[in-house]
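First up is the structure itself, then whatever we jot down about it.
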Amino acid sequence: MHRRTGAMIEGRTVDVGPGGMRVHTGRPLSIDETLEFELPERARINGRARVLREHAYRVYALRFEKLGDEARAEIAELTRPRDRSGEDS
């Protein structure tokens, strides 16, 4: 993740959903600030998010503010309910 100015912010995705994600960072974030992000393991998921709240110590809830169509499709695939029998429908 990165701000408009300053160094890159390393973070770990805790969870992701259609409207946003939770991330754990080594550096503090400010409520209501916007960040550009890219999930390294899923490069198609990138965009801009706003910090909504600190959920736990340095775990932040972010709301997606700008996502491309490919990012939305990738998130929809990641969050699609799976058949618990082990077979995808």
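Bear in mind that the values in this text are calculations on the coordinates, not laboratory data. Please read these numbers as outputs of a predicted model, since none were measured by experiment. In this analysis, Cβ positions are derived from the backbone assuming ideal geometry, glycine residues included, and neighbour counts consider all displayed protein chains.
Structural remarks
- Additional length obtainable on full extension of the chain from residue 63 to residue 44, 0.36 nm per residue less Cα span: 5.1 nm
- Relative contact order, whole percent, for the chain stands at 25, derived from Cα pairs under 8 Å and 6 or more residues apart.
- Net charge dipole, the chain: roughly 380 debye, given to the nearest 20, about the Cα centre with Cβ charges of +1 for Lys and Arg and -1 for Asp and Glu.
- With Cα atoms as the point set, the chain shows a radius of gyration and Dmax of 13.9, 48 Å.
- Ascending count of other beta-carbon atoms within 10 Å, so fewest first, for 5, 79: 5, 79
- Residues 51, 14 in ascending order of nearby Cβ atoms (within 10 Å, fewest first): 14, 51.
- Couplings for region 16-27, taken from phi via the Karplus curve 6.51 cos²θ - 1.76 cosθ + 1.60 with θ = phi - 60°, read 9, x, x, x, x, 7, 10, 10, 10, 10, x, 10 Hz in order; Gly and Pro are left as x.
- Projecting label points 7 angstrom from Cα along Cα→Cβ for residue 56 and residue 70 puts them 3.3 nm apart.
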